[in-house]
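Enquirer: This structure is in structure tokens; I'll ask about it shortly.
The values are calculated or read from the model by the stated rules, or taken from the named source; none is laboratory data. Since the model is a prediction, treat every value here as computed from it, not as a measurement. Neighbour counts run over all protein chains shown; Cβ positions are idealised from the backbone, glycine included.
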Amino acid sequence: MAWAKERHFELMLVINPEYSEQVANIIDVFRKAIKEHGGRLTREEEWGRRPFAYRIDKYSKGFYVLLNFACASRAAVDAIGDNLENNDSVLRSLLSRTAGEVAQPSPVVLAEQARAEEQAAAA
């Protein structure tokens, strides 16, 4: 089903830490699903391994990935849903619609950049 105008989405993935060496391949699966169905990525961020507030299964940490994309049909969203259902490497995910296109860095990335600049200035 095609929508009257392009819609924007945000996908947050928490990847099993046992798959941390395969994160690039896992992200590529979602990237391809978006592009194959006429969507386009507007932001892609790898936040790295971060601790959980509580244990998920037997894990206390996971690899976080944030993808923002735009698409004009439901096919890309359905493809992502199918990939999430068939992907054991993703512990948690959240797909939400955003009000508009998001391309600027997230607050998490901005905070990491500021911290790195402070450390460089102190050195």
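Enquirer: List pairs: first in the stretch 7-29 and modelled with pLDDT under 95, second in a helix (DSSP H, G or I), Cβ under 6 Å, 6+ apart or cross-chain?
Expert: These pairs meet every condition: Val29/Asn83.
Enquirer: Residues that are over 16 Å from the mean Cα position of the chain (by Cα) and surrounded by 10 or more Cβ atoms within 10 Å (Cβ to Cβ): list the strands (runs of 3 or more DSSP E) wholly contained in the stretch 40-123 that include at least 2 such residues.
Expert: Hits in the stretch 40-123: 40-56, 59-73.
Enquirer: Here is a further query. With the requirement that a residue be at pLDDT below 95 and polar (S, T, N, Q), what does the stretch 51-88 give you?
Expert: Ser73, Asn83, Asn86, Asn87
Enquirer: Hey, another quick one. Quick one: Gln22 ticks every box in (1) within 13 Å of the chain's Cα centre (by Cα); (2) of a type outside the set (D, E, K, R); (3) surrounded by 12 or more Cβ atoms within 10 Å (Cβ to Cβ); (4) not in a strand (DSSP E or B) except a single one, so which number is it?
Expert: Failed condition: (1).
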